[in-house]
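Some notes on the structure that comes next.
Only the coordinates and a few stated rules stand behind these numbers; no lab work does. Only a predicted model underlies this, so the values are computations on that prediction, with no experimental measurement involved. Note: ideal-geometry Cβ built from the backbone for every residue, glycine included; neighbour counts use all protein chains shown.
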Amino acid sequence: MAKRVLFWGRFDHGYSRNRVNISLFKSLGWEVDFFDVKLSPRFGDAEAFFRGLWRKPKPDLVWVPVCRQRDVLAACRWAHRRGVKVLFDPMISAWDKKVLEQRKWKAEEPRAKKLHDLERKMMHAPDFVTWDTSCHVDFCEREFALPRSKMAALFTGTDEKVFKPGIEKARVHDEFTVLYHGAYIPLHGMEYIVEAARMTQGTGIHWNLLGWGAYKAATEELAKGISNITFLDKVPYEKVPEVIYSSDVVLGVFGTTEKASRVIGNKIFEAMGCARPVVNEFCTGYPPEAKDCKAIKFVPAGDAAAIVKAVEEYHADWANREDYNAAAYDFFRKYLSMDVVRRQLVEILERMGLL
């Protein structure tokens, strides 16, 4: 009889990491069900009772998806009363985001301490916690005293039916093209990308920015007067690969916050899955082989000149572009693909006694 996983919470089914995790369970032969909390996440277990969740077959695992700290305590109450294990996949820490990344609160403020204590409780409540990199495992052990025996890294991955090698598309600008795609947030260091574009005006390098988010207007303001930068209109998820195919190099994360040094952005998986080389700040969560991959250039955080240098190195050797594209996809296939992430998930489920 197939095992069942219940995805619990007020979450975005279409978000890349959620799409990947749902598809992973299906590929392992699990039945996937959903309990979408519609009222208060804090009392999701009560809502589950009144909506008759108890009438459905008992799951083998309750999975609380990305960023759903607000759902995890109710999910644990509901599941543990029924002898069902809970796995939480936060990806980010709410305390880290407010205090260390956005710097909205100082760590010594009462409200910051309260959030820290609450999130510590949320991390200890489930049976297991997965993070996108080993760096976040280290962070959670240090900040929230969660034993490493209850955690593991589970790479973000990407939907390989969508992000795969394809045919280069026609370009608006007949120049070497650098792409940034993703959210305009402090984590990504948009100001350094804009400054790098400014520094390469007149060199035959064009920069396309495909993004959204609270800092988009501020990023557009920074870019005023720069001749070699274009802000692209947002496209559907399934169309993003076409934008990648029309690019030579794809950018990752360059922010100076601690969090930026702990992540491997979705865009890295997507770009290399589409066989395009990347530039990114270094994160120890990368597979060790990344340092020897010609299709990854690591730069220091918050360093526009270093971004320029990496891009210019690609540009100077672009007669060999197919070698870089092949190296990007080969690295993706060996170290970042769905096969790799699936093996990580299998090991986690084995550690939880579910396989």
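What size of dipole, in debye to the nearest 20, comes out for the chain about its Cα centre when the only charges are +1 on Lys and Arg C-beta atoms and -1 on Asp and Glu C-beta atoms?
Using only the charged Cβ atoms, the result is roughly 1860 debye.
Report, to two decimal places, the Cα Rg of the chain normalised by 2.2 N^0.38 Å (N = number of residues).
The value comes to 1.03.
Rounded to the nearest 0.05, what FRET efficiency do Asp117 and Glu168 have when you use their Cβ-Cβ distance and R0 = 45 Å?
The computed FRET efficiency comes out at 0.30.
Give me the count of lysine pairs in the stretch 176-336 whose alpha carbons sit under 18 angstrom apart, restricted to pairs 8 or more positions apart or on different chains.
Pairs that pass both the separation and distance tests number 15.
I want to verify a result. In a Gaussian network model of the chain, Cα cutoff 10 Å, which of these has the top mean-square fluctuation: His181, His80, His136?
Top of the fluctuation ranking is His80.
Can you pull the one-decimal nm distance between simple spin-label points at Lys56 and Asp339, each 7 Å off the Cα toward Cβ?
Between Lys56 and Asp339, the label points sit 3.3 nm apart.
Quick one: angle between helix 190-199 and the longest Cα principal axis of the chain, in degrees between 0 and 90, rounded to 10, please.
10 degrees
Tell me the mean residue ellipticity at 222 nm calculated for the chain from its helices only (DSSP H runs of n ≥ 4, each -39500 (n - 2.57), averaged over every residue, nearest 500).
It lands at -10500 deg cm²/dmol.
Hey, what's the per residue convex hull volume over the C-alpha atoms of the stretch 9-61, in cubic angstrom?
Spread over its residues, the Cα hull of the stretch 9-61 gives 85 Å³ apiece.
Please name which of Gly213, Leu251, Phe7 has its Cα lying farthest along the dipole of the chain towards the positive end, using unit charges on Cβ (Lys, Arg +1; Asp, Glu -1) and the Cα centre as origin.
Phe7
Return, ordered by residue number, the residues of the stretch 189-205 whose backbone nitrogen is under 17 Å from a label point located 7 Å along Cα→Cβ of Lys224.
191, 194-195, 198
Mind listing the Cα extents of the stretch 179-315 along all three principal axes, in Å, largest one first?
Projected onto the principal axes, the Cα atoms of the stretch 179-315 cover 40, 33, 30 Å.
Report, in degrees rounded to the nearest 10, the 0 to 90 angle that the Cα long axis of helix 321-331 makes with the longest principal axis of the chain.
Helix 321-331 sits at roughly 20 degrees to that axis.
Taking amide hydrogens as modeled 1.01 Å from N in the peptide plane, which residues meet the under 5 Å criterion relative to Met151, leaving out close sequence neighbours?
Sorted by chain and number, the residues that satisfy this are Val129.
How high is the FRET efficiency between Ala2 and Arg42 when r is their beta carbon distance and R₀ equals 30 Å, given to the nearest 0.05?
The pair Ala2/Arg42 has a calculated efficiency of 0.40.
With each pseudo-label sitting 7 Å past Cα toward Cβ, what's the Val32-Lys309 distance in nm, one decimal?
So the label points at Val32 and Lys309 sit 4.3 nm apart.
To the nearest 20 debye, what charge dipole does the stretch 145-275 have about its Cα centre, counting +1 at the Cβ of each Lys and Arg and -1 at the Cβ of each Asp and Glu?
The calculation lands at about 500 debye.
Dipole size in debye (nearest 20) for the stretch 254-334 around its Cα centre, Lys and Arg Cβ +1, Asp and Glu Cβ -1?
Dipole of the stretch 254-334, to the nearest 20 debye: 240 debye.
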